[in-house]
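Engineer: Below is one structure. I have some questions about it.
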Amino acid sequence: MSAIESVLVENRVFPPPAAFTAQANVKPADFEAMKAKAERDHAGFWADLARENLIWSKPFTKSLDDSNAPFFKWFSDGELNASYNCLDRHLNTPVADKTAIIFEADGGDVTKVTYRDLYKRVCRFANGLKSLGYKKGDRAIIYLPMSIEAVVAMQACARIGMTHSVVFGGFSAKSLQERIVDVGATLVIAADEQMRGGKAIPLKPAVDEAYGMGGCDAVRHTIVYKRTGGNVAYGAKDIDWAKVEAGQADDCPAEMVNAEHPLFVLYTSGSTGKPKGVQHSTGGYLLHAMLTMKWTFDIKPNDVFWCTADVGWVTGHTYVTYGPLAVGATEIIFEGVPTFPNAGRFWDMIQKHKCTVFYTAPTAIRSLIKAADTTPDVAPGKYDLSSLRLLGSVGEPINPEAWMWYYKHIGSERCPIVDTFWQTETGGHMITPLPGVTPLVPGSCTQALPGIAAAIVDETANDVPNGSGGILVIKKPWPSMIRTIWGDPERFKKSYFPDELKGYYLAGDGAVRDAVHGNFRITGRIDDVLNVSGHRLGTMEIESALVANPLVAEAAVVGRPDETTGEAVSAFVVLKGARPADKESAAKIAKELRDWVGKEIGPIAKPKDIRFGDNLPKTRSGKIMRRLLRAIAKGEEITQDVSTLENPAILEQLKQSL
Ligand code: PRX
């Protein structure tokens with residue numbers, strides 16, 4: 001199926017509309033010139049852009065410092081502040097009185113803030129943090145729903161030089177506790193509850209539960225934003241958000257920091273059980289956020305930009321909190337879910353707020369395609385989407401069918417779609433069409449940005465020819481790249497710069513370039529990382545969670561394709577006691593284990609399928625044969641060689657046991 005699809009795809013090419021190109025920030029000739037300049041002088045290319053785009057309190061003299069590779073530094077004798085570059089820079093310009101954020105709450109209430117208002121709110125909160133004794137170098141955990149407050153909290157941290165680490169509201173108390181401990185947080189900023197789909201979901205109780213698990217004694221305060229005013233317990237550490245701001249001045253001079261100062265640490269899944277704290281810089285990161293707003297999103301003063309990602313993910317950092325503000329755009333922030341009060345919510349909001357540039361995930365598109373069939377009265381055709389001029393996709397491969405639907409039904413065959421490939425570690429877009437330049441191919445993220453040396457190589461770092469698959473690498477450092485894994489430089493080196501790749505950055509994805517245009521297509525992760533609804537999950541993390549349950553002796557987790565979520569989690573479990581005797585008891589234990597994983601990691605990690613066996617398929621040396629488990633999970637006939645298997649009969653048992 002996918003092989004046939006990719007053959008078909010190559011015949012469908014959509015050149016940029018002439019009218020789009022005519023007004024684009026980057027035109028074909030600019031693109032060629034930028035690429036040529038980056039080829040000629042990689043460090044100089046980025047240095048010129050950093051001087052043109054960022055405001056430096058102390059200009060840098062060095063562009064790239066590769067003296068301690070792979071711990072690269074950029075602009076490292078320069079100083080600046082990220083919040084200054086998002087807010088103060090606009091104060092004496094017409095942008096000051098422009099709407100910065102249009103916030104739409106779950107229930108539909110709309111709040112707007114101008115750049116000047118936002119500046120004041122950030123300053124008051126930053127002053128409040130200072131008066132509580134927080135300062136440059138301290139770390140704050142942020143556990144907030146999508147809100148203006150989330151942006152204020154992140155910007156206020158940046159303003160005083162605190163490093164923030166946002167934890168997605170869907171993560172459990174246990175995940176929260178691990179991050180508090182690992183990052184060494186002294187402050188937690190949380191909401192009492194969040195509103196999603198008309199329901200209040202508690203957040204603050206998870207913070208208290210996390211504290212109860214131990215290791216969090218360094219935390220001095222929990223600042224609580226009362227989103228609902230719901231009935232949650234308050235203790236001695238807790239301070240009301242309103243109290244933190246009260247009486248504080250509207251100005252707070254930004255603390256200038258070194259370009260390499262860690263703006264944030266964001267945890268993501270890797271191939272071991274422990275999430276990695278991806279550490280980003282201030283200067284290089286912000287530069288890429290700004291450039292890609294201009295290049296990929298072609299942002300203009302009158303645009304209304306909407307990135308639907310949660311601030312708990314990197315997309316919400318770069319394209320909600322930092323990028324749009326740094327370029328002075330108006331952006332929409334949405335608290336709720338795309339299916340509440342009905343599946344027309346996105347389309348209704350695009351119509352109402354006259355959104356021009358819309359950026360979302362394939363999983364949302366796929367679920368809305370289904371909904372358009374089942375609830376035709378709220379299908380996109382019922383709304384006026386004519387304000388749109390550009391669409392974007394992120395987080396996972398977009399299948400050509402979903403791409404075509406997005407193109408026809410949302411973009412009316414007028415709007416280019418930028419399928420942006422990037423990662424938590426890359427800070428911003430890496431491989432993506434530029435809307436005024438690149439002919440679009442459904443399912444392909446097309447070409448690397450200027451200055452991004454993306455390539456496909458084999459296991460020993462040799463280039464593979466177009467048309468053959470291989471390992472995606474970035475051959476040269478770039479400003480917004482991950483600096484290290486917080487507290488674990490060895491793991492950083494091993495994960496991203498393994499010896500056999502000769503200094504290239506290893507993305508962890510497989511990819512192929514087509515023979516005609518050299519367009520990239522991402523074929524999926526090559527490590528034990530799954531992508532469920534655009535969320536990154538480590539199979540090892542889920543396995544560790546399962547075996548931590550007292551009922552479980554052994555567990556193996558693999559991914560299988562899923563129509564809506566892209567991939568789904570499929571678990572194989574050996575219980576300590578006997579295998580469940582009948583369907584009812586199997587279903588009961590499976591539910592118990594799903595809820596357990598929900599509590600250990602978060603609901604997004606719950607296995608969709610759980611199969612019970614007396615054992616797992618293992619080689620004689622005891623290694624679990626995951627490729628067989630993948631075949632069973634997909635419901636495929638096992639055609640592979642099973643002669644090395646210790647216990648072949650187990651395969652049939654596992655097949656039957658769903
Ligand atoms: O496998 C790739 C997939 O998502 C991974 C990165 O996940 P995360 O760090 O959570 O960041 C997601 C948001 C940037 C990648 O290694 N991925 C991301 N974008 C695409 C993609 N796969 C195919 N096409 C994309 N456009």
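Engineer: With respect to the cross-link table entries K300/K599; K204/K494; K354/K591; K174/K300; K204/K588; K237/K276, which display a Cα-Cα separation exceeding 32 Å? Provide the component values of the computation, followed by the final result.
Structural biologist: On the way: K300/K599 43 Å; K204/K494 36 Å; K354/K591 43 Å; K174/K300 42 Å; K204/K588 30 Å; K237/K276 28 Å.
Flagged as over cut-off: K300/K599; K204/K494; K354/K591; K174/K300.
Engineer: If you don't mind, another one. Would you list T93, T292 from the most to the least accessible area, probe 1.4 Å? All intermediate terms of the calculation are to be shown ahead of the outcome.
Structural biologist: Values: T93 50, T292 0 Å².
Putting T93, T292 in descending order of accessible area: T93, T292.
Engineer: At 1.4 Å probe size, put T446, T375 in order of accessible surface, largest to smallest.
Structural biologist: On the way: T446 0, T375 55 Å².
Per-residue accessible area, sorted high to low, gives T375, T446.
Engineer: On a 24 Å Cα-Cα criterion, which of the cross-link pairs K274/K606; K199/K634; K493/K606 come out too long? Mind dumping the intermediate values first?
Structural biologist: Working: K274/K606 17 Å; K199/K634 34 Å; K493/K606 31 Å.
Among K274/K606; K199/K634; K493/K606, the Cα-Cα distance tops 24 Å for K199/K634; K493/K606.
Engineer: Enumerate the lysines that K120 could reach by cross-link, defined here as Cα to Cα under 24 Å, with residues fewer than 8 away along the same chain left out.
Structural biologist: K98, K112, K130, K135, K136, K226, K243
Engineer: With +1 on each Lys and Arg Cβ and -1 on each Asp and Glu Cβ, how big is the dipole of the range 280-417 about its Cα centre, in debye rounded to the nearest 20?
Structural biologist: Values: 11 positive and 12 negative charges, 47 e Å.
Computed about the Cα centre, the dipole is about 220 debye.
Engineer: For the range 222-371, take every pair of Cα atoms, bin their distances at 10 Å starting from 0, and report each bin as a whole percent.
Structural biologist: 9, 26, 33, 26, 5, 0
Engineer: If you build the Cα gyration tensor of the range 282-383 and take the root of 5 times each eigenvalue, what three semi-axes come out, in whole angstrom, biggest first? Each step should come with its number before you reach the end.
Structural biologist: Values: eigenvalues 151, 40, 22 Å².
That gives 27, 14, 10 Å for the three semi-axes.
Engineer: Let me ask something else about it. Plugging the Kirkwood radius over Cα pairs into Stokes-Einstein for the range 1-122, at a temperature of 37 °C and a viscosity of 0.692 mPa s, what D comes out in µm²/s?
Structural biologist: Numbers: Rh = 19.2 Å.
Rounded to a whole number, D works out at 171 µm²/s.
Engineer: About the Cα centre, and with charges only on the beta carbon of Lys, Arg (+1) and Asp, Glu (-1), how big is the dipole of the chain? Nearest 20 debye, please.
Structural biologist: Values: 74 positive and 77 negative charges, 105 e Å.
Once rounded to the nearest 20, the dipole reads 500 debye.
Engineer: Looking at S269, G411, A140, which one has the Cα that reaches farthest to the positive end of the dipole of the chain (charges on Cβ: Lys, Arg +1; Asp, Glu -1)?
Structural biologist: Result: A140.
Engineer: Sort by residue number and report every cysteine in the chain with no other cysteine beta carbon within a distance under 4.7 Å.
Structural biologist: Among the cysteines of the chain, those whose Cβ sits 4.7 Å or more from every other are C86, C157, C216, C307, C355, C415, C445.
Engineer: Next question, about the same structure. Using 19 Å as the cut-off for backbone N distance, which residues of the range 422-437 belong to the label zone defined by a point 7 Å from the Cα of N466 along Cα→Cβ?
Structural biologist: Inside the label zone: 431-434, 437.
Engineer: With unit charges on the beta carbons (Lys and Arg positive, Asp and Glu negative) and the dipole taken about the Cα centre of the range 115-204, which residue among I201, S172, L118 sits farthest to the positive side?
Structural biologist: Going by the Cα projections, it comes out as L118.
Engineer: For a label point 7 Å from the Cα of A553 along Cα→C-beta, name the residues of the range 640-658 whose backbone N is under 15 Å from it.
Structural biologist: 647, 650, 654
Engineer: Ranking request for peptides 153-161, 269-277: highest mean number of other beta-carbon atoms within 10 Å first, then the rest in descending order. Kindly include the intermediate steps, with their values, before the conclusion.
Structural biologist: Working: 153-161: 27.4, 269-277: 20.3.
Result, highest mean first: 153-161, 269-277.
Engineer: Another question, then. Could you give the size of the charge dipole of the range 1-152 about its Cα centre, using +1 on the Cβ of each K and R and -1 on the Cβ of each D and E, expressed in debye and rounded to the nearest 20? Numbers along the way, then the final one.
Structural biologist: Details: 20 positive and 20 negative charges, 132 e Å.
Taking the Cα centre of the range 1-152 as origin, the dipole is about 640 debye.
Engineer: Still on this model: Ratio of alpha-carbon Rg to the 2.2 N^0.38 Å globular estimate for the chain, to two decimals, please. It would help to have the intermediate numbers written out before the result.
Structural biologist: On the way: Rg = 24.4 Å, N = 658, 2.2 N^0.38 = 25.9 Å.
Ratio of Cα Rg to 2.2 N^0.38 Å: 0.94.
Engineer: Modelled label-to-label distance, E500 and K136, 7 Å Cα→beta-carbon offset: nm?
Structural biologist: Distance between label points: 4.4 nm.
Engineer: Read phi for every residue in the range 608-620 and hand back ³J(HN,Hα) as whole Hz from Karplus 6.51 cos²θ - 1.76 cosθ + 1.60, θ = phi - 60°, with x for Gly and Pro.
Structural biologist: So the J values, rounded to whole Hz, are 6, 10, 10, 10, 9, x, 6, 6, 10, x, 10, 6, 5.
Engineer: Each residue of the range 182-190 in order: what ³J(HN,Hα) in whole Hz does its phi give by Karplus 6.51 cos²θ - 1.76 cosθ + 1.60, θ = phi - 60°, with x for Gly and Pro?
Structural biologist: Once θ is set to phi - 60°, the couplings for the range 182-190 become 5, 7, x, 6, 10, 9, 10, 10, 9 Hz.
Engineer: Explain nothing, just the number: relative contact order of the range 158-254, from Cα pairs under 8 Å at least 6 residues apart, as a whole percent. Working shown, then result.
Structural biologist: Values: 121 pairs, mean separation 27.3, N = 97.
Once divided by the residue count of the range 158-254, the mean separation gives 28 percent.
Engineer: Using a 1.4 Å probe, how large is the accessible area of F71, given in Å² and rounded to the nearest 10?
Structural biologist: Surface open to solvent at F71 totals about 50 Å².
Engineer: Over the range 16-174, what is the relative contact order in percent, taking alpha-carbon pairs closer than 8 angstrom and at least six residues apart?
Structural biologist: Details: 175 pairs, mean separation 23.2, N = 159.
Once normalised by length, the contact order is 15 percent.
Engineer: For the chain, what is the mean residue ellipticity at 222 nm derived from helices alone (per DSSP H run of n ≥ 4: -39500 (n - 2.57); sum divided by total residues; nearest 500 deg cm²/dmol)? Show your work: numbers first, answer last.
Structural biologist: Details: 20 runs with 196 residues, N = 658.
So the calculated ellipticity at 222 nm is -8500 deg cm²/dmol.
Engineer: Between D377 and S643, how many nm apart are label points set 7 Å from Cα along the C-beta direction?
Structural biologist: Taking the two extended label points, one gets 6.4 nm.
Engineer: How much solvent-accessible surface does R414 expose, in Å² to the nearest 10, with a 1.4 Å probe and all protein chains in place?
Structural biologist: Estimated to the nearest 10 Å², R414 gives 100 Å².
Engineer: Karplus couplings for the range 511-527 from phi (6.51 cos²θ - 1.76 cosθ + 1.60, θ = phi - 60°), rounded to Hz, Gly and Pro as x?
Structural biologist: Rounded to whole hertz, the list is 7, 9, 10, 6, 5, 7, 10, x, 5, 7, 10, 7, 9, x, 5, 9, 10.
Engineer: Could you calculate the FRET efficiency of A69 with E490 from 1/(1 + (r/R0)^6), where r is the beta carbon distance between them and R0 is 25 Å, rounded to 0.05?
Structural biologist: Working: r = 15 Å, r/R0 = 0.59.
Result of the calculation: an efficiency of 0.95.
Engineer: Please report the equivalent ellipsoid semi-axes of the range 406-491, computed as sqrt(5 x eigenvalue) of the Cα gyration tensor, largest first, in whole Å. Write out the running numbers ahead of the final one.
Structural biologist: Working: eigenvalues 159, 64, 25 Å².
Computed over the range 406-491, the values are 28, 18, 11 Å.
The values are calculated or read from the model by the stated rules, or taken from the named source; none is laboratory data. In this text the structure is predicted, and so the values were computed from the model without any measurement. Don't worry about glycine lacking a Cβ; one is built from the backbone with ideal geometry, like all the others, and counts go over all protein chains shown. Only protein heavy atoms, including side chains, enter the accessible area calculation; ligands, DNA and RNA are left aside. Shrake-Rupley method; radii C 1.70, N 1.55, O 1.52, S 1.80 Å.
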